[in-house]
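Here, each number is a calculation from the coordinates, and none is a lab measurement. All figures in this text were calculated on a predicted structure; none of them were measured in a lab. Counting neighbours? That spans all protein chains shown, and the Cβs are built from the backbone with ideal geometry, glycine included.
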4 protein chains.
Amino acid sequence: MVNLTQSRLALIGFIGLGNMGAHMARNLIKKGHELVVYDVNNQSVNELTKFGAKSSESPADLAAKTQNIITMLPSHPHVNEVYLGKKGILETAQKSTRCIDCSTIDIEASKRIANLCAEKSVYFNDAPVSGGVKGAEMATLTFMVGASKTDFEVIKPFLECMGKNIVHAGDMGHGLAAKICNNMLLGISMIGVAETMNLGLSLGLDKKVLAGILNTSSGRCWSSEVYNPVPGVIEGIPPSNNYEGGFQSGLMAKDLSLAQNASVETHSSTPLGSMAYNFYKHISNQGYSKKDFGYVYEYLRTKKN
Amino acid sequence: MVNLTQSRLALIGFIGLGNMGAHMARNLIKKGHELVVYDVNNQSVNELTKFGAKSSESPADLAAKTQNIITMLPSHPHVNEVYLGKKGILETAQKSTRCIDCSTIDIEASKRIANLCAEKSVYFNDAPVSGGVKGAEMATLTFMVGASKTDFEVIKPFLECMGKNIVHAGDMGHGLAAKICNNMLLGISMIGVAETMNLGLSLGLDKKVLAGILNTSSGRCWSSEVYNPVPGVIEGIPPSNNYEGGFQSGLMAKDLSLAQNASVETHSSTPLGSMAYNFYKHISNQGYSKKDFGYVYEYLRTKKN
Amino acid sequence: MVNLTQSRLALIGFIGLGNMGAHMARNLIKKGHELVVYDVNNQSVNELTKFGAKSSESPADLAAKTQNIITMLPSHPHVNEVYLGKKGILETAQKSTRCIDCSTIDIEASKRIANLCAEKSVYFNDAPVSGGVKGAEMATLTFMVGASKTDFEVIKPFLECMGKNIVHAGDMGHGLAAKICNNMLLGISMIGVAETMNLGLSLGLDKKVLAGILNTSSGRCWSSEVYNPVPGVIEGIPPSNNYEGGFQSGLMAKDLSLAQNASVETHSSTPLGSMAYNFYKHISNQGYSKKDFGYVYEYLRTKKN
Amino acid sequence: MVNLTQSRLALIGFIGLGNMGAHMARNLIKKGHELVVYDVNNQSVNELTKFGAKSSESPADLAAKTQNIITMLPSHPHVNEVYLGKKGILETAQKSTRCIDCSTIDIEASKRIANLCAEKSVYFNDAPVSGGVKGAEMATLTFMVGASKTDFEVIKPFLECMGKNIVHAGDMGHGLAAKICNNMLLGISMIGVAETMNLGLSLGLDKKVLAGILNTSSGRCWSSEVYNPVPGVIEGIPPSNNYEGGFQSGLMAKDLSLAQNASVETHSSTPLGSMAYNFYKHISNQGYSKKDFGYVYEYLRTKKN
């Protein structure tokens, strides 16, 4: 970490060059960091090397080359594989290597990895993101970080290369906890807005009038104010574009499944969170997992038969 | 209506001098209107007469004396009785009498009364309020009005004596529709915030940190921003005062029951609205109907056994 | 009623000759009763007159001709119209006329009619049926009767012409209450079986093995034992015939809406009943209201994408 | 296994001598088997040795002494510890050792253990039970077995010493799947019966009359027929004994949490299962985890305030 604390520039290992990760990696390079990257998809690696990154043959190879590692992977089996698998990070990671996992995964799975890292004196912190592909591209992501105060200060400059809001949620695991909580509430609110708009329209209210009333009353929420799921209420968002783009229903279902796991683990009552999970899962099972999560309005809508 | 359009002052009949109505009637007097009032409770009438109002012996007696009538009653049986019962308004109401019902009642029940009024050439409009007893006292209520454009313009000056936001929701019945929709979304959001905060705290997050993250993220809503149900997150609101005062769980259950009636009537899917209704009803059945509706947090809270 | 108590044969007025009612009327004729019938659909009336019934011009005309009246109508607006409307039964009904309403309608609506009947000294009892069109044809219906003990004994012989089980559920209104309760539990159980079978199959269990285990264990219910909603588990029932025939989802939604009204009216918690209502309503809104209610399995099924 | 197949008598290792396990172990001894036992609680071991069993110092010690092992433990961390922990079974288990796990645990956790057993050529099958402490004592348990056909035939004679119904649910894992499915449906049905009875009683129906109608109609289920949760409907069951004894709400919550895990794992929609889980969890969080699961009736009951 010497390089970093002195010059704020470092050699960073980056694993996971998907839709989000590729942009994040580029932004690190743009800010002057050197990168060594890994992805199971060679094509993705090639594109980054053209942009100035070095490639590596495996997470183990990458970990042998740097003590600063960022991972951005789709789900916990991938994270397990990258850290604990054959040729995984922990095979070669040096003492005091600092790993930042930006994946959104199960809290318990994350803690298990953190514990195994700790046994080898490797730092592991969770820093899941929100803000979507656009936020990744524009370096305007929000990071919710689970780390000690000291670690948070060390990590923060890296994350600031990729995002705008770097939030300290608490200790290890709390970054994930915060993200999962937020997205559970978001999933609930969106269904709430969808069924409220549907009821109101069925009662004969004008959609813009109703949206206006909600937004100046106690029913207002992010989903009603900036992401109303009824087509035509707000222009330029996925619900007004046939629910293309945006935050996919399948990903919402995944995040809500993490909330369900957390609620089982902690014996917490989450009745509406459970229902919301079942709804987005059902929408996904029906073949609409790629649709923006506002699609729940279309799904619930009273059809005129 | 001559008086009103010329001088903006009129003789107004006011029926229903409860917690809300008494304040509303006083505010009309304060703005210079003359009032003739009625309530089943003599005590309430006496207090208003001391304040300058005239009393009447029945709704029919009141309707014989004025063509401008405002009603503010707890539920639709009371409204039925006052309009349609023995010595009710419709026994004596003159042609072109204008009735404004500020009660929050079943939409279908309201429409039935409106139709019977129309048969006698009596105007009837719905203008339910939000803002609570404090809003009634301070004349800062919001009125959601169901009326034609013309009627809305006639009604508005009266309502401005008692409130700050006079919203035109649409035709007859749409004031109630808008209020019921808003409160359904509010009821859902509050439970959503309650279970999200509970989950987060069970996961070890600090309550103010989590509230802060939600309020700067896509989970934010009125219930998280200005009415967080966890004691101590926001001072000076009912959740920080043992859930005393505020918007009672029993009244939320009542408003959600109106939403359920509306969803049955229109065949609209309201899964979370239904669940929310069952929760507040259950809380009320358990003996907590007088507690502020944020009590749902205490209700759902993971207890340490 | 003289004829009846003496000879057990009477002149009976029958209103409502739909899928169910036509069969019920025929069965009364088969048992030797004389019938005078009414329906808004002339075709239906003609078919019954060919079978020996006399026709009438209106409910009022029918009520002028007989003191024993049975009504079998689709929903409470029809029942209101037939009893209380222009040329309705109450315009002409003689004192001590005995009305048996076999329709499945809202309890409160039924009570209102009963009260108005009582004011004219007309008996009114609720006796909704279960057993479907086949049960109507085969005279194997179950009748759930709301009546005093004395009235029940008077009514019973009539109903025995059309059904096999004549159950005394309690006083006026209790026949409907019993039917609504049973169907709410049925609606819940069917969804329960559907999601249990779906989960089990997703876990790799064989459908017949799982059905067998449930049916010999504590999970067993009517829906699992005689009406398993998974195609191919039980032959000869609607789920094995593309969900054609059987008890329509739309009718289940209607019965559950009556349960919701009853739960609102009595402030009773019915969380699963509410969810069940929303599911069947949603299925109906999606265009599947004619499908047998076991279709909820197909609806919930985990699709392989 | 030579002993067993020849003489049907064997040396069996038994781990987990709790409320259920102690009875099961005794029944094996009664049928003539020799037992070597282990439990973390010495007292429990002592009681079994008085009954003729030999003791062992650890699961590893036990596994060194016998190739037939039955485990009956409260939850998956215990099972992990016993099989995979220090001095666990897999430290010493000989090739072809046959392990039967009768615990009710997470399916994925069970499969992980099975895979690790397979790596050492140790057989591992799931055979969870139902029937409660009484069934364990009377040797009338039901075992739901996940095993190949061949393995099932080998295992069956052991299980027949402890139970009456030995059901072959399918391959490894399917015993747990079947039990979890059954208990999910049971949990749903019980709430369904509870809210139906509550609604009916609120509507004025007599509890025994309503129960009778349900039990002869399409609403009938095990929970209504043999375990009606309303006190006084059926004598001699926990609901008529202040919900003491029986199947604890906390254990139902646990089984439903396993169903939730399975539904997350397989992306299956289980909306009512999720709600049921939240209800029993909430009841447990409120301090009633020891009450029989029929307590959900008392919990939902409309109180007269």
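What the Cβ-Cβ distance of A:Glu265 and A:Met138 gives, at R0 = 22 Å and to the nearest 0.05, is a FRET efficiency of 0.05. Classify chain B from the C-alpha gyration tensor, please: rounded if a/c falls under 1.5, else prolate or oblate depending on whether a/b exceeds b/c. Prolate. Ranked by how many other Cβ atoms sit within 10 Å of their own Cβ, fewest first, the residues A:Thr196, D:Thr142 fall in the order D:Thr142, A:Thr196. Loop-located GluC sites (Glu not before Pro) in the stretch B:32-105 (DSSP state not H, G, I, E or B) with no more than 12 neighbouring Cβ atoms inside 10 Å: B:Glu57. Placing +1 on the Cβ of every Lys and Arg and -1 on the Cβ of every Asp and Glu, with no other charges, gives the stretch C:177-300 a dipole of roughly 100 debye about its Cα centre.
The Cα center of the stretch C:114-177 and the Cα center of the stretch B:59-118 differ in position by 39 Å. With the convex hull drawn around the C-alpha atoms of the stretch B:1-94, the volume per residue stands at 83 Å³. Here the dipole of the protein assembly as shown is about 0 debye; that uses its Cα centre as origin and unit charges on the Cβ of Lys and Arg (positive) and Asp and Glu (negative). Dipole of chain B computed with +1 at Lys/Arg Cβ and -1 at Asp/Glu Cβ about the Cα centre; of B:Ala63, B:Val40, B:Ser269, farthest Cα towards the positive end is B:Val40. What number comes out for the charge environment of C:Lys179, summing +1 per Lys or Arg and -1 per Asp or Glu over other residues with Cβ under 13 Å away? Charge balance in the 13 Å sphere: -3.
Once the Cα atoms are used to define both axes, helix C:149-160 deviates from the longest principal axis of chain C by about 80 degrees. Using the Cβ-Cβ distance between A:Glu81 and B:Lys65 with R0 set to 56 Å, the FRET efficiency works out to roughly 0.10. For the residues of A:202-211, the average number of beta carbons from a partner chain within 10 Å of their own beta carbon is 6. Taking the stretch A:2-171, how much of its Cα-Cα pair set, in percent, is spaced more than 26 angstrom apart? Tail of the P(r) past 26 Å holds 17 percent of the pairs. Between helix C:19-30 and chain C there is an angle of about 50 degrees, using the helix long axis and the longest principal axis of the Cα atoms. Computed over the stretch C:177-300, relative contact order equals 33 percent, with contacts defined as Cα pairs under 8 Å that lie 6+ residues apart. Relative contact order, whole percent, for chain A stands at 12, derived from Cα pairs under 8 Å and 6 or more residues apart.
Under the criterion of Cα pairs below 8 Å and six or more residues apart, the relative contact order for the stretch D:87-222 equals 19 percent. Spin-label model, A:Glu160 to C:Lys149: label points 7 Å out along the Cα-to-beta-carbon direction sit 8.7 nm apart. Translational diffusion coefficient of the stretch B:95-177 (Stokes-Einstein, Kirkwood radius from Cα pairs, 20 °C, 1.002 mPa s): 170 µm²/s.
Listed from fewest to most Cβ neighbours within 10 Å, the set A:Ser56, C:Ser240 follows the order C:Ser240, A:Ser56. Where both bridge residues fall in the protein assembly as shown, DSSP classifies roughly 15% of the beta bridges as antiparallel. Within the stretch C:177-300, how many lysine pairs that are 8 or more places apart, or on different chains, have C-alpha atoms less than 17 Å apart? Close lysine pairs under the 17 Å cut-off: 6. Each 10 Å bin, from zero up to the one with the longest distance, holds this percent of the alpha carbon pairs of the protein assembly as shown: 2, 9, 15, 18, 19, 16, 10, 6, 3, 1, 0, 0. The residues B:Ile155, D:Ile15, when put in order of fewest to most other Cβ atoms within 10 Å, stand as B:Ile155, D:Ile15. Other residues whose C-beta falls under 13 angstrom from the C-beta of C:Tyr83 contribute a net charge of 0, scoring Lys and Arg +1 and Asp and Glu -1. Under a cut-off of 22 Å between alpha-carbon atoms, report the lysines in cross-link reach of C:Lys30, not counting same-chain residues fewer than 8 places apart. Hits, sequence-local ones excluded: C:Lys50, C:Lys54, C:Lys65, C:Lys134, C:Lys156, C:Lys164.
Using Cα atoms only, what is the angle between the long axis of helix C:107-119 and the major principal axis of chain C, expressed in degrees (0 to 90) to the nearest 10? So the helix axis and the longest Cα principal axis differ by about 10 degrees. For chain D, the share of DSSP beta bridges that are antiparallel, to the nearest 5, is 15%. Taking square-rooted eigenvalues a ≥ b ≥ c of the alpha carbon gyration tensor, is the stretch A:165-207 rounded, prolate or oblate, where a/c under 1.5 means rounded and, failing that, a/b exceeding b/c means prolate? It comes out prolate by the Cα gyration axes. Peptide A:249-255 has a mean of 1 when you count, residue by residue, the C-beta atoms of other protein chains within 10 Å of its C-beta. The equivalent ellipsoid of the stretch D:159-272 has semi-axes of 29, 18, 14 Å, largest first, where each one is the square root of 5 times an eigenvalue of the Cα gyration tensor. If the segment from A:Lys120 to A:Ser96 were pulled out straight at 0.36 nm per residue, it would be longer than the present Cα-Cα gap by 7.8 nm. Per residue of D:167-180, other chain Cβ atoms within 10 Å of the residue Cβ number 5 on average. Annotation: cysteines of chain C without a disulfide-compatible partner (Cβ-Cβ under 4.7 angstrom) are C:Cys99, C:Cys102, C:Cys117, C:Cys161, C:Cys181.
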